[in-house]
Amino acid sequence: MALSIKQAAKMHLLLVEDDPELGRQMTSWMAEAGHRLHWVETGRAALDWMKGHSCDAAILDVGLPDIDGFSIVETLRGRGVTTPVLFLTARVGVPDRVRGLAAGGDDYLTKPFAAEELLARLDALYRRAAQSPPTRRRTGNSYLDPVRRRVTCEGEAVDLQPREWTLLEVLMNHEGRIVPKQFLLEQVWDIRFDPGTNVVDAMICRLRRKLETAGSNIHIETIRGKGYAFKKEPA
Amino acid sequence: MLALFVGTSIALTLIFVRSTVSRDLRRFDAAVVMNDLVEYAAIYASSGIKGVLDVFPAGQSSDSSAIRITSPDGIILFEEIPPGIHVYAWPAKPPSNDWSARKTVLQELTSPETELRLTIGAIRLRDGNYLWFGRTDEEAQRYQHNITIYLWLAGILAAAVALLPVIWYSHEVLIPIRSFTNSARRLHLPEGTARLMVPRAIPELQTLASVVNAGLDQILSLTRELQSTNDQLAHELRTPLARVRGNLENLLDKSDNAAAQDAAARSLEEIDRAAQLVQHILTIRGGDHGALRLYRQQTPVHQIITNLVDLFTPAAEDRNLTLGIQQGLDLVLNLDRELITQAISNLLDNALAYTPKGGKINLRWQAEGTGVVIFVEDTGPGVHREEMQMIWERYNRGSSAVVRHPGIGLGLSLVRAISTAHGGSVGVTNRVTGGASFWIKLPQG
C-alpha cells in the first residue's frame, strides 16, 4: 500500500503568516496532522530561513507587512527553489489568483478557510511534487483502477459516470482525511464558488448508492460541517 | 449617392440648355435664309442670273447652302447645289399661295440619308420667276455640339468645386465623429482606460474629446478607489472571520459536548455563508458600478454549460426534475470564465428552487452578433409581469434587507452584475407553454 504510506508521510512545512492567532491555529492543526511546521511572521525572515533550510511545501500569506507573498515566491523561484507554494490570502479575485500562480505559486486558498481544506491542498501539492504515478489498489472486496478509471467489486465492474469516478478518486487519494465540499468542487468540476443547491451531497449520495448496490465495502462518510471521508468499512 | 445626384443635376441642366439653344439656332437659321433670299433677289433684279452666278460662289464659303431659280412652272433655270444638299427632295413647284412680291415662305426638309436639316425658302422675283435658297443646320449642330461639351466641362468643374466643402466636412467632421462613436462604444467597459481619440479633427471636437476624457479619468480614479476600498473591506473582514472560523473548528474537534459540537457546526456554516455574502455584495456593487475586475480569457460557452448540467443533474433528479441541454453551436468568447459559470449556476440554482416536482429545466444558447444569449427555461410558475424588473434587484437596494435574509435573494442580482460587468444584459420572459425563461446576453469581449 504505497499510497497510504505516502499519505502518512510527515511533511516539513514553512508557514509565513503575520496574524498571531491564525499562525497559532495552523501550528496546532499541522502538529495534529503529523506535519512539522516552522512559522515565521515576516517575508524577510522567510527568505532568510529558506537560505539555510529546505521544506516540502510553504504556506504563504500574501498580505505581509514587509514583502508581499507574490514577491517572496518570485525571489525564491529566482534562486532556483522549486518547493511547492500555497498562497493564503484574503484577496478573492481571479486576477489576484492568476497573479499568484504567475509569480510561481502552486495553489491558492482564501480566508476564511477550513483546516481540512488546507490539509487536503497540502496533500495534493506534495503528491504532485512527488509525481507518484496512479496505482491500482484493493480495498476490501473492491479493486480501484485509476488507469482504466473504474471500480470492480467481487470482479463485477461498478457502472460509474466519469465525474463519479473522478469524485471517488479524489476521495480515495485523501483516504483517512476529511475532504471539504469546496475542495471536491474545485478538483472534480473546476468550480471555485458555492453553487448553493446541495449539488455535492446529491452526487455523493448517488455514488454511495451505486457502491452499495454493487455490494462494495467502500464507504463514503459525511462529516457534518466539515466534508466527506473515504473509508474501507462502514463506520 | 452624391455622385449620382451631381450627375443627374448636370444632365438635367444640359437637356434644358440644349433644347433652348437648339430653338434659338433654328430661328437664327431661318433669319439667315430669309436675309439671303432678299439679298439675292436684289442682285437678280439689278444684274439678272449672271449677277447671282457671280455672287453666290463668292458669298457662300461652305457646302451648306444651295440656290435655285425656277420658272413659275417649276422649270429649273439655274441652280447651284452642292452634293450634300442633293439628298433633299426640293418641292417641285413654288408654293401655290397667293404670292405677292417679296413674300417668302420657309420650310424645313429632312432626308433619311443625313441627320442635318435643310431650311429652304422661296421668293417671287419681279419677272415672275422664283428664287430658292436653302441652308443646312450643319453649323448650328456644330455649335450645339461644342456647347454640350463646354457645358459638361463646366458642370463637372462646378460639381468638383461644390464637393470640396462636402469632402472637407466628411473628412474633418464625419470621420472624427465616427471614430469618436467607436471609441465611445468601448468606454462603458469596466476598468476602461480607453479614451476618445480625435487626431487632426477640428478644434471644437478636440475640445469636446478632452472634456469627456477628463470626466472619464475622474470616473476611473473613483472606480479604482472603490476597488481598493472593496479589497480593503474584504481583507479587514476576512482575516477576523478566518480567526473565528479556526477557533470554532477547534471547538468542534475538541469538545465532547454534543450541544457545543452542534453549535460549532452551525456557526461554521454561518461563517462560510457570511464570507460568501460579503463576497457577493462586493461583486454586485462592483459589477453595477463598473468596478468589477474581470479576468477575461477565451472561454468555450458550451463547455461551461455542459459542466454545470453535469454538476446539477443528481440534485435535480433528487427533486424529481429533468435537466436538459438543447445543444447549440460551439461558441468560444472572451469572458471571465469563473464569473460566467457562477452566473449560469445561479440561474440553475434558481430554477431548481422554483420548479415543482416532475418539472423540466432546459438550457440552451444561441449566437447573437458576435456574442451569445444563454437561456435557462423552466416549467415553474413563471414571473409576474410587475416583478420582471424587480427580481434582479430585490435585496440589493437596502442593506437592511440583506441582513435580514442572509445568503438568499442575491443570486439574480449577482447574475445581473456579472452580465453588466461584461457589457451584457439579463432578462426574463414567461414562456407560452408555461414557466419562465431567464436569459443572459453577453457580447464578445
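Per-structure values
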quantity	calculated
Pair list, Cβ < 6 Å and 6+ apart or interchain, from the range B:224-240 residues that are under 15 Å from B:His289 (Cβ atoms) and more than 7 Å from chain A (Cβ to nearest Cβ) to residues that are open to solvent by less than 50 Å² (accessible area, probe 1.4 Å) and not in a helix (DSSP H, G or I)	B:Leu226/B:Ala291; B:Gln227/B:Ala291
Of all residues in the range B:119-135 being open to solvent by less than 20 Å² (accessible area, probe 1.4 Å) and in a loop (DSSP other than H, G, I, E, B), the one that is farthest from B:Ser65 (Cα to Cα)	B:Gly128
Given (1) modelled with pLDDT under 85; (2) surrounded by 11 or more Cβ atoms within 10 Å (Cβ to Cβ); (3) under 22 Å from B:Thr420 (Cα atoms), number of the condition B:Ile202 does not satisfy	(3)
Segments classed as strands (runs of 3 or more DSSP E), wholly inside the range A:75-166, with at least 2 members that are facing chain B (nearest Cβ under 10 Å) and open to solvent by less than 30 Å² (accessible area, probe 1.4 Å)	A:85-89
Residues of the range B:74-118 that turn out to be open to solvent by less than 40 Å² (accessible area, probe 1.4 Å), assigned to a loop (DSSP other than H, G, I, E, B) and modelled with pLDDT of 75 or more, as a count	6
Residue under evaluation A:Gly196, criteria (1) under 26 Å from B:Ile305 (Cα atoms); (2) at pLDDT 85 or above; (3) open to solvent by 30 Å² or more (accessible area, probe 1.4 Å); (4) not in a helix (DSSP H, G or I), criterion not met	(2)
Residues within the range B:247-273 that are surrounded by fewer than 17 Cβ atoms within 10 Å (Cβ to Cβ) and more than 9 Å from every other protein chain (Cβ to nearest Cβ), tallied	9
Residue in the range B:282-300 that is on the phi > 0 side of the Ramachandran plot and in contact (Cβ under 8 Å) with a residue 24 or more places away in the chain present	yes
Residue that is within 12 Å of chain A (Cβ to nearest Cβ), touching a Lys or Arg at 6+ places or on another chain (Cβ under 8 Å) and aliphatic (A, V, I, L, M), where the choices are B:Leu321, B:Leu339, B:Leu347	B:Leu321
Residue check, B:Leu53 among the hydrophobic types (A, V, I, L, M, F, W, C) and surrounded by 14 or more Cβ atoms within 10 Å (Cβ to Cβ)	yes
Where B:Ser61 falls short, out of the listed (1) surrounded by 12 or more Cβ atoms within 10 Å (Cβ to Cβ); (2) part of a loop (DSSP other than H, G, I, E, B); (3) modelled with pLDDT under 80	(1)
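A quick yes/no check of all residues on (1) more than 13 Å from chain B (Cβ to nearest Cβ); (2) crowded, with 18+ Cβ neighbours inside 10 Å:
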position: A:Val179; (1), (2): yes, yes
position: A:Arg209; (1), (2): no, no
position: A:His219; (1), (2): yes, no
position: A:Phe230; (1), (2): yes, yes
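The values are calculated or read from the model by the stated rules, or taken from the named source; none is laboratory data. Just so you know, these numbers come straight off a predicted model, no measurement behind them. Glycine gets a Cβ as well: all are built from the backbone with ideal geometry, and neighbour counts include every protein chain shown. To get the accessible areas, we keep the full protein, side chains included, count just its heavy atoms, and leave off ligands, DNA and RNA. Shrake-Rupley method; radii C 1.70, N 1.55, O 1.52, S 1.80 Å.
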